[in-house]
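Participant: Have a look at the structure that comes next, please.
The values are calculated or read from the model by the stated rules, or taken from the named source; none is laboratory data. Quick caveat: nothing in here was measured; it's all calculated off a predicted structure. As a convention, Cβ positions derive from the backbone with ideal geometry for all residues, glycine included, and neighbour counts pool all protein chains shown.
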């Protein structure tokens, strides 16, 4: 299913808010995305119409199973790109974060999967200090790689 970049941002935001707050309301999304509540209502109703969220006016918002899967994929794409930009291309972390946010909309799921395979199998970047693993939803905030430690051991 192809959805717009703004719809992807809604799904990602709802997913992250659900993980932290459990209950998500229009106001929470508006505050997080720094947009108006009417804009959020319009976006959420569109997502509801295509079966990605559950929502009743003035009620809580939750992701459907399909919506949750899409949100996880969006987050993974961004994480993969961020990891590649920081650890392979050595782009400064804050700049890499912003560029990964923009790039995640430009690559297909197939490209993200191949980039993930390259990062984990060829570069062995799945071994992160915090225990992060791209295939499960551990620490999304810590992307420090032990690759430098591995390189020092090999020398």
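Participant: So for segment 55-76 (the condition being in a loop (DSSP other than H, G, I, E, B), surrounded by 12 or more Cβ atoms within 10 Å (Cβ to Cβ) and modelled with pLDDT under 85), does at least one residue qualify?
Facilitator: No; the residues of segment 55-76 include none that is in a loop (DSSP other than H, G, I, E, B), surrounded by 12 or more Cβ atoms within 10 Å (Cβ to Cβ) and modelled with pLDDT under 85.
Participant: Against the definition (out of contact with any helix residue (DSSP H, G or I) (no Cβ under 6 Å at 6 or more places or on another chain), outside the structural domain of residue 113 (by TED's automatic domain parsing) and surrounded by 21 or more Cβ atoms within 10 Å (Cβ to Cβ)), how does residue 50 come out, yes or no?
Facilitator: So residue 50 does not fit the description; no.
Participant: Which members of segment 4-31 meet the condition of being surrounded by 17 or more Cβ atoms within 10 Å (Cβ to Cβ) and under 17 Å from the mean Cα position of the chain (by Cα)?
Facilitator: Of everything in segment 4-31, those that are surrounded by 17 or more Cβ atoms within 10 Å (Cβ to Cβ) and under 17 Å from the mean Cα position of the chain (by Cα) turn out to be 7, 8, 9, 10, 11, 12, 13, 14, 15, 17, 18, 29.
Participant: Residues in segment 1-9: is at least one assigned to a loop (DSSP other than H, G, I, E, B) and touching a residue at least 60 places away in the same chain (Cβ under 8 Å)?
Facilitator: yes
Participant: Conditions first: (1) within 25 Å of residue 47 (Cα to Cα); (2) surrounded by fewer than 15 Cβ atoms within 10 Å (Cβ to Cβ); (3) at pLDDT 90 or above. Residue 92 passes all but one, so which condition is the exception?
Facilitator: (1)
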